[in-house]
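Worksheet: the structure to be examined is printed underneath.
The values are calculated or read from the model by the stated rules, or taken from the named source; none is laboratory data. Just so it is clear, the model here is predicted, and its values are computed rather than measured. In this analysis, Cβ positions are derived from the backbone assuming ideal geometry, glycine residues included, and neighbour counts consider all displayed protein chains. Ligands, DNA and RNA are stripped out before the accessible areas are found, and what is left, the full protein with its side chains, is counted by its heavy atoms. Shrake-Rupley method; radii C 1.70, N 1.55, O 1.52, S 1.80 Å.
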Amino acid sequence: VPMTGDGSRRYYGAATLTPEMTTVPASVDVTAEFLGIAPALSPNTQTVSLVDLVTVTRADFDYATGTLTIEAHSSDQYTPPTLTTLGQDLTAGVLTLTGLTVAPPTVTVTSSAGGSATIPVTVIHAP
């Protein structure tokens, strides 16, 4: 599977799962071939764990109501994992916490499939 770089030394690739596949492998072997480099270097192979890509689309704290709303999703649509933040699970990708007096500076959402993402919290209706 060809890999695409994101400019920060991380590379992504996607393989299509077929209907007869019942599980996703826990790891894959990734081989880097150094093409066009003289003298030629030997290919380098590493075994890496597969994790999902977590995207946090919203982390808003409403100061007026003391409500923190977090929305996130996982790239794993084959076996949707549990997403967790601040010790609680997101239901259908959303978690709403009420009765807060202060917002956390950031929110990290972690996935039971190994991925995670952190974003700053946006304060709305600030004093």
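Taking the criterion of being modelled with pLDDT of 80 or more, open to solvent by less than 60 Å² (accessible area, probe 1.4 Å), part of a loop (DSSP other than H, G, I, E, B) and not basic (Lys, Arg), would at least one residue in the range 26-41 satisfy it?
Our first condition is that a residue be modelled with pLDDT of 80 or more; within the range 26-41, this holds for 26-31.
Those still in the list that are open to solvent by less than 60 Å² (accessible area, probe 1.4 Å) too: 27-28, 30.
Pick out the ones that are also part of a loop (DSSP other than H, G, I, E, B) and you get none.
No, because not a single residue in the range 26-41 is modelled with pLDDT of 80 or more, open to solvent by less than 60 Å² (accessible area, probe 1.4 Å), part of a loop (DSSP other than H, G, I, E, B) and not basic (Lys, Arg).
Can you go through THR23, THR67, THR96 and tell me which one is closer than 20 Å to GLY114 by Cβ and among the polar types (S, T, N, Q)?
Working: THR67 fails: closer than 20 Å to GLY114 by Cβ; THR96 fails: closer than 20 Å to GLY114 by Cβ.
None of the other options fit; the residue is THR23.
Looking only at the range 61-78, which residues are open to solvent by 40 Å² or more (accessible area, probe 1.4 Å), assigned to a strand (DSSP E or B) and either charged (D, E, K, R) or within 23 Å of VAL102 (Cβ to Cβ) (or both)?
Residue satisfying the conditions is GLU71 alone.
Among the numbered criteria (1) among the hydrophobic types (A, V, I, L, M, F, W, C); (2) farther than 24 Å from THR4 by Cβ; (3) assigned to a strand (DSSP E or B), which one does ALA117 miss?
With (1) among the hydrophobic types (A, V, I, L, M, F, W, C); (2) farther than 24 Å from THR4 by Cβ; (3) assigned to a strand (DSSP E or B) applied to ALA117, the lone miss is (2).
Residue under question is PRO81, and the condition is that it be open to solvent by less than 50 Å² (accessible area, probe 1.4 Å), part of a loop (DSSP other than H, G, I, E, B) and closer than 30 Å to PRO127 by Cβ; does it hold? Before the answer, list the steps.
Working: open to solvent by less than 50 Å² (accessible area, probe 1.4 Å): yes; part of a loop (DSSP other than H, G, I, E, B): yes; closer than 30 Å to PRO127 by Cβ: no.
For PRO81, the condition - open to solvent by less than 50 Å² (accessible area, probe 1.4 Å), part of a loop (DSSP other than H, G, I, E, B) and closer than 30 Å to PRO127 by Cβ - is not met.
Filter the range 100-127 for residues that are under 10 Å from the mean Cα position of the chain (by Cα), of a type in the set (Val, Ile, Thr) and open to solvent by 70 Å² or more (accessible area, probe 1.4 Å) and give the result.
If the condition is that a residue be under 10 Å from the mean Cα position of the chain (by Cα), of a type in the set (Val, Ile, Thr) and open to solvent by 70 Å² or more (accessible area, probe 1.4 Å), then THR118 is the only one that fits.
Tell me which residues, restricted to the range 1-24, are under 18 Å from the mean Cα position of the chain (by Cα) and under 16 Å from TYR78 (Cβ atoms).
Initially, the range 1-24 is screened for residues under 18 Å from the mean Cα position of the chain (by Cα), giving 3-15, 24.
Answer for the range 1-24, where residues must be under 18 Å from the mean Cα position of the chain (by Cα) and under 16 Å from TYR78 (Cβ atoms): GLY13, ALA14, ALA15, VAL24.
Does the range 42-60 hold any residues that are among the hydroxyl-bearing types (Ser, Thr, Tyr), closer than 21 Å to GLY5 by Cα and either touching a strand residue (DSSP E or B) at 6+ places or on another chain (Cβ under 9 Å) or modelled with pLDDT of 85 or more (or both), and which are they?
Initial filter on the range 42-60 (among the hydroxyl-bearing types (Ser, Thr, Tyr)): 42, 45, 47, 49, 55, 57.
Within this subset, residues satisfying the condition of being closer than 21 Å to GLY5 by Cα are 42, 45, 47, 49, 55.
Those that are among the hydroxyl-bearing types (Ser, Thr, Tyr), closer than 21 Å to GLY5 by Cα and either touching a strand residue (DSSP E or B) at 6+ places or on another chain (Cβ under 9 Å) or modelled with pLDDT of 85 or more (or both): THR45, THR47, SER49, THR55.
Conditions (1) touching a residue at least 40 places away in the same chain (Cβ under 8 Å); (2) within 30 Å of THR122 (Cβ to Cβ), marked per residue:
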| residue | (1), (2) |
| --- | --- |
| ALA14 | no, no |
| PHE61 | yes, yes |
| THR85 | no, yes |
| LEU100 | no, yes |
| ALA103 | yes, yes |
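Looking at LEU97, LEU86, which is the one that is open to solvent by 70 Å² or more (accessible area, probe 1.4 Å) and either under 30 Å from VAL48 (Cα atoms) or touching a strand residue (DSSP E or B) at 6+ places or on another chain (Cβ under 8 Å) (or both)?
Details: LEU97 fails: open to solvent by 70 Å² or more (accessible area, probe 1.4 Å).
Within the list LEU97, LEU86, the selection yields LEU86.
Can you give me the number of residues within the range 63-99 that are under 30 Å from MET21 (Cα atoms) and among the polar types (S, T, N, Q)?
Residues meeting the conditions: 7.
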